[in-house]
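Remarks on the structure that follows.
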Amino acid sequence: GNKVFTISKYIGRGKLGKGKIKEAFENYEPFFKKRIEQLKVYSRIVKYKHLFLTNEQREYIDQLKDEYMAYKELFNDVEKINYEKAFFTKYIHNTTSIEGNTISLGETDLLLNKGITPEGKSPREIKEIWNMQDCINFRKSYEGDIDIYFITRLNKIIQKGIMDSAGKFKRLQNYITGTEFMPTPPTLVNQEMKELMVWYNENKFTTHIFEV
């Protein structure tokens, strides 16, 4: 925010030579790094509101992100491309398999990265894989904010060539097999989405991004 914190460590008195200062810096470097990490955590706690996560959970999530970003910085350009390709192949496979797609991870890799269509799979399953990749590409190139257009656009891309209602709010009641949970009735979806966007715009700068 508008606060400044000074991290200091007493290393002696009188005139200190460069060698002494360098030695002291090396000796106390772990101390400074630890204090910096503590201040990062503190600034996040002060900045964001609590909704669902505990301080420990939020701290752990932020730590994972920091480690991930540092890890990626070790890659050269070719390694970054290969890493991203492997990540999104797994991401697409996992996302579509949740919805019942039977194409394996290996087959997903061959389809996306080598253009080899797996045998014995339905056109719908293959289309789902390609649509998910198009969805990711759209998301990466999209420069606007999250709004109704963005959400319905994602659905339209994912359901392209699969459902006639792609990109539109549901008109029939849906159910989740094996649970007693009742999804939002079709007549209320439009209003619920508007209220969700109001909540998002009120909280996007003051609530932890993971919770948003």
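If you keep only loop residues by DSSP, which GluC sites (Glu not before Pro) in region 105-212 have at most 11 other Cβ atoms within 10 Å of their Cβ?
Here the sparse-neighbourhood loop sites are GLU119, GLU143, GLU180.
With springs only between Cα atoms under 10 Å apart, run a GNM on the chain and tell me which of VAL198, VAL189, VAL78 wobbles the most.
The residue that fluctuates most here is VAL78.
Which residue fluctuates the most in the chain, going by a Gaussian network model with Cα springs under 10 Å, if the choices are ASN113, ASN76, ASN155?
ASN76
In what sequence, largest accessible area first, do THR187, THR206, THR96 appear using a 1.4 Å probe? Don't skip to the answer; put the middle values down first.
Numbers: THR187 120, THR206 55, THR96 10 Å².
Ranked from most to least accessible, the order is THR187, THR206, THR96.
Hey, can you grab everything whose amide H is under 5 Å from the amide H of THR207? Only 5+ residues off in sequence or another chain; H modelled, so Pro and N-termini drop out.
LYS49
State the percentage of accessible surface on region 64-140 attributable to carbon and sulfur atoms; use a 1.4 Å probe and exclude ligands, DNA and RNA.
Numbers: 2870 of 5100 Å².
Result for region 64-140: 56 percent of the exposed heavy-atom area is carbon or sulfur.
Where does region 145-212 land on Rg/Rh, using Cα atoms and the Kirkwood Rh?
Ratio of gyration radius to Kirkwood radius: 1.02.
Note down the relative contact order for the chain as a percent, whole number, built from C-alpha pairs under 8 angstrom at least six residues apart.
This gives 17 percent for the chain.
Quick check for you: with a 1.4 Å probe and neighbouring chains kept, what is the accessible area per residue of the chain, in Å²?
On a per-residue basis, 76 Å².
Note the full-extension length gain between PHE181 and ARG13 as 0.36 nm times their separation in residues minus their Cα-Cα distance, in nm to one decimal.
53.6 nm
Return the FRET efficiency for the residue pair VAL78, ASP145: r is the Cβ-Cβ distance, R0 is 35 Å, and the value is rounded to the nearest 0.05.
Once rounded, the FRET efficiency stands at 0.60.
Which parts of region 95-115 would a label at ASN137 reach, counting a residue when its backbone N lies under 16 Å from a point 7 Å out along Cα-to-Cβ?
111-115
Mind listing the phi-derived Karplus ³J(HN,Hα) values for region 131-140, rounded to whole Hz, using 6.51, -1.76 and 1.60 with θ = phi - 60°, and x for any glycine or proline?
4, 5, 5, 4, 5, 5, 4, 5, 4, 5
Add +1 for every Lys or Arg and -1 for every Asp or Glu among the other residues with Cβ under 12 Å from the Cβ of GLU84, and state the total. Mind showing how you got there, number by number?
Details: positive: LYS72, LYS80, LYS85, LYS90, LYS140; negative: ASP77, GLU79.
Value of the local net charge: +3.
For LEU39, what accessible surface area do you get with a 1.4 Å probe? Give it in Å², rounded to 10.
It works out to around 40 Å².
Taking a 32 Å limit on the Cα-Cα distance, which of the listed pairs LYS90/LYS156; LYS3/LYS140; LYS121/LYS168; LYS33/LYS80; LYS114/LYS194 fall beyond it?
Working: LYS90/LYS156 22 Å; LYS3/LYS140 34 Å; LYS121/LYS168 27 Å; LYS33/LYS80 27 Å; LYS114/LYS194 42 Å.
Table pairs above 32 Å Cα-Cα are LYS3/LYS140; LYS114/LYS194.
For the chain, set up a Gaussian network in which alpha carbons nearer than 10 Å are linked by springs, and say which option among LEU110, LEU51, LEU16 fluctuates the most.
Of LEU110, LEU51, LEU16, the Gaussian network model singles out LEU16 as fluctuating most.
The values are calculated or read from the model by the stated rules, or taken from the named source; none is laboratory data. Predicted model, so just to flag it, every value in this text is computed and none were measured. Reconstructed Cβ throughout: ideal geometry from the backbone, glycine too, with neighbour counts over all protein chains shown. In case anyone asks, the SASA skips ligands and DNA or RNA and just uses the protein heavy atoms, side chains included. Shrake-Rupley method; radii C 1.70, N 1.55, O 1.52, S 1.80 Å.
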